[in-house]
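Contents: one structure, followed by commentary.
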Amino acid sequence: MKTLSEWKLHWFEPGCENPLTIAAPSYIDHFWMTAKVPGDVHSTLIDRKLIEDPFAGHNDLKCRWVEEKEWWYRTVFEWTLDDSDEGITELAFEGLDTYATIYLNGKEIGSTQNMFISHTFDVSRELEDGKNTIAVRFDPLSKHVEDKEKDVWCSYGKERLWARKSSMNFGWDWGPRLVTAGIWKEVTLKRKSKTRLNQVFVHTSEINEATANIEVSMELKKSFKQRGTYTATVSLFDGINEVEDSIDIDRSSGKLEMRVDNPKLWWTHDLGEPFLYDLTVTLKNEEGSTIDSYKQKFGIRMIDVEMEHENGEKLFTFNLNGIRVFAKGSNWIPVHNFLGATDNDRYKKLLYLAKESHMNMIRVWGGGIYEKNVFYEECDRLGLLVWQDFMFANALYPDYNHNFMMEVEEEIQFVVKKLRNHTCLALWCGNNEIDWIYDRKSSSGEITTPFFGEKIYHDLIPAILHDLDPNRLYWPSSPFGTDGEEDLDAESIGDKHNWQVWHGNVEPRKIGEPVVQDISQEGVSFKKYKSDYTRFSSEFGMHASSNRYTLQKYIPEGEFYWKSEEMSYRNKDHFHEKGILLMEGFTGIPSTIEEYMDFSMLTQAEGLKYGIEHYRRHKPFTSGALIWQHNDCWPGTSWSLIDYELLPKASFYYAKKFFAPVIATVDHDPGKPAIITVINDMNKKIKDTLTLTVETFVGEVVFTKEIPYEVEKNSVVILDEIEEIKLLQGQPPEKVSLTLQSAHHVFPENVIHLRDFKDMNYEETHLTIKSDQAAQTITLKADRFARFITLDIHEGEVLCSDNFFDLKAGDEKTVQVTSLNGHEVEIDKIGVRAINSKA
């Protein structure tokens, strides 16, 4: 195989040059710029300093011209022809973004119009012995969609309706418009046998106490001239033992069932080991010669989604190998605006952080991309389940157009075949929010057209999955589920997007009723999570600032202050006042940039903790909490837990505690009793002693109680209910903290404040700080209760063992600091402060 990575790039005005002239081997491209492949046009222009960094200031607006040009890639390479008639040579483009025409040695060999799929060409006859030239022309998007109908509902750029391209390229409420073009995945030339493995599909069909049955289906691609019987040998290797079986295939397909004794099962990392076998399929001809092979990491596991509890209540619960799983995780958006130039390390770091925060599920959101191979390989390896959306989001797609539907059909078939062998893949979902929002907007009169796109999600996709991947649940949309009266975001059935919090949606709402929003302090408050008894919360969250380092790096000098134009430009959401209202209700309104960073991060972290502890207390009838959103694609203000520079926000560090396998919580409202609950998500019984302590900010203990307890595996137990007056012992609630601790470190310490931050009366504290460069640690001690201690990191991609935490009077804590890149961090440059510490 030959990988083609050295290319040149140039732009032209659309349609002004003869394509055959530029594609010809004799064309002189000496003065073109060099370009990396995989890559994209924008990244190349940034590298060559031809455009300013689009992420800094308003520079994204300065490079809008890029999407209006015609872009050409060219490469010249050497090739030695194989004169035998036994094989073919294929030119494979794993990803072209988006409207591309390909030329080989001056001949047009094909054109493409879909970013999401690979494109392969048999070029056996077109290749020449010696020097060869490939040219690829990318048309501006407008050339192909400007005459298309767009008089329908579509959020963020109506031209995206017709383009099978990442929707987020056109801007979203967390990122800018940057319409990319280029060769965004690998390009290869490979010599192959005319008869070869076209598809392999492997899945676990049954598991019992001692054995597992594995079904392997194989499809061959044969030359008409090549007849005969071929032998496919399948091997599963666990590192010590190997299970092997063979089947003869005399037609175009075959199926093999294998039994594995004493299988090592694949689990999410919180329930066990995500064990992966080495699967190999070897194809041999009648002479016994190997002509093709297929290799894949494969986990033995069964997964289902339970829709009904044994008591008759509705569920939406993932069941892994017979164990009901509470899905803890987040929604994944593309890792960068410039995906082609983004390396695999960024994926690995973000997924490592997901596991570090005790997540066991990631939802790939439908406005991005079907992710790169590394994403699914890492989820397989790390033990993270994947909820996979198809790439349709917040729009009405033209399912009435035959050509469009043919393109979509090819895409769905390609994606299903490509991803179905990944062990992590738990569910297919048809789209993001389209069914739900169509009802909302048509009820209010904003939409008067039919439900364009419905044929895709309710007919085409399920029909393809029935043939290609029938054993995995298909869910038509997210959110989806109605009792016949309430709308598709009903809490009583299916999954729900809780946008009562932040967006102020007023629910429940019945189908056909007008949409009502309450954009007020109470209407957007995170306290509304407590009234949500959804079966599965697949999207919910609220904004928080990026870390100081990230903001300062991309905001122009002199603009880093609260309410500056540049700060406002970092926020792409509608109605910026929602964030102010949320903070006003919990922390108070910030008056400086420092207060904004602190208050927004604290509100997000405490709000998510409030909601997720509530959801987890209600298991199994609530069985999932997927936060919107995991990551950022640019340095802005958003719902993310991890900012663009891969610096976790406060909510990430809170998630390490509220997503822990075992947690202890307090359900409390001002003036009401405190209900103490332990949630055990592990597959084993827990025996422990919980200590509840209430103390003043100077460390005086006013109430304490030890509660021995046992909690069965995968269950919830209420330990006690204590009146607030008993907890306080005459102390004001705004001058004490409540702590839950485990005698055997079964659950993380949980510090609870009995009133909102703005109503608390924290005393000024002094922090004693000891830094150890060699050990890469910072040790802290506080003379008074220290609220929200923050380690201000001075570089990107740094992880702390803890950050944004509380420290009680007299307590000492050592924080380990680690660079995700493996280098030593300059500890002395890290600023340390608490919200109530002395300057």
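The values are calculated or read from the model by the stated rules, or taken from the named source; none is laboratory data. Computed from a prediction, not measured in an experiment: that's the story for all the values here. Cβ: placed from backbone, ideal geometry, glycine included. Neighbour counts: every protein chain shown.
Here are the numbers:
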quantity	calculated
Selected residue (criterion: nearest to Leu220 (Cα to Cα)) from residues of region 264-287 that are in a loop (DSSP other than H, G, I, E, B) and over 29 Å from the mean Cα position of the chain (by Cα)	Asn285
Count of region 469-499 residues which are more than 22 Å from the chain's Cα centre (by Cα) and in a strand (DSSP E or B)	1
Only one of Gly607, Gly611, Gly588 that is touching a residue at least 40 places away in the same chain (Cβ under 8 Å), in a loop (DSSP other than H, G, I, E, B) and either surrounded by fewer than 24 Cβ atoms within 10 Å (Cβ to Cβ) or not acidic (Asp, Glu) (or both)	Gly588
Listing of strands (runs of 3 or more DSSP E) fully contained in region 122-186 that carry 3 or more residues being under 22 Å from the mean Cα position of the chain (by Cα) and in contact (Cβ under 8 Å) with a residue 24 or more places away in the chain	175-177
Only listed residue being among the charged types (D, E, K, R), surrounded by fewer than 16 Cβ atoms within 10 Å (Cβ to Cβ), within 10 Å of Ala135 (Cα to Cα) and touching a Ser or Thr at 6+ places or on another chain (Cβ under 8 Å), chosen from Glu108, Glu68, Glu86	Glu108
Residue, surrounded by the fewest Cβ atoms within 10 Å (Cβ to Cβ), within region 470-489, restricted to residues that are within 30 Å of Met583 (Cβ to Cβ) and touching a Pro at 6+ places or on another chain (Cβ under 9 Å)	Asp487
Sole residue being over 30 Å from Cys800 (Cα atoms), of a type in the set (D, E, K, R) and either buried (at least 19 other Cβ atoms within 10 Å of the Cβ) or in contact with a strand residue (DSSP E or B) (Cβ under 6 Å, 6 or more places away or on another chain) (or both), chosen from Glu712, Glu721, Glu695	Glu721
Residues satisfying the stated conditions in region 12-31, i.e. outside any helix (DSSP H, G or I) and surrounded by fewer than 13 Cβ atoms within 10 Å (Cβ to Cβ)	Glu13, Gly15, Cys16, Asn18, Ser26, Ile28, His30, Phe31
Residues satisfying the stated conditions in region 566-583, i.e. part of a loop (DSSP other than H, G, I, E, B) and among the basic types (Lys, Arg)	Arg570, Lys572
Candidate set from region 218-259 (those that are of a type in the set (Gly, Ala, Ser) and surrounded by 15 or more Cβ atoms within 10 Å (Cβ to Cβ)); member that is nearest to the chain's Cα centre (by Cα)	Ser235
Looking only at region 615-638, and only at residues there that are touching a helix residue (DSSP H, G or I) at 6+ places or on another chain (Cβ under 8 Å) and assigned to a loop (DSSP other than H, G, I, E, B), the one that is farthest from Arg535 (Cα to Cα)	Pro635
Residue check for Val717: under 30 Å from Asp828 (Cβ atoms), in a strand (DSSP E or B) and modelled with pLDDT of 95 or more	no
Some residue of region 652-662 being on the phi < 0 side of the Ramachandran plot, in a loop (DSSP other than H, G, I, E, B) and of a type in the set (Lys, Arg)	no
Meets criteria (without any contact (Cβ under 8 Å) to a residue 60 or more places away in the chain and more than 24 Å from Ser193 (Cβ to Cβ)) for Gly106	no
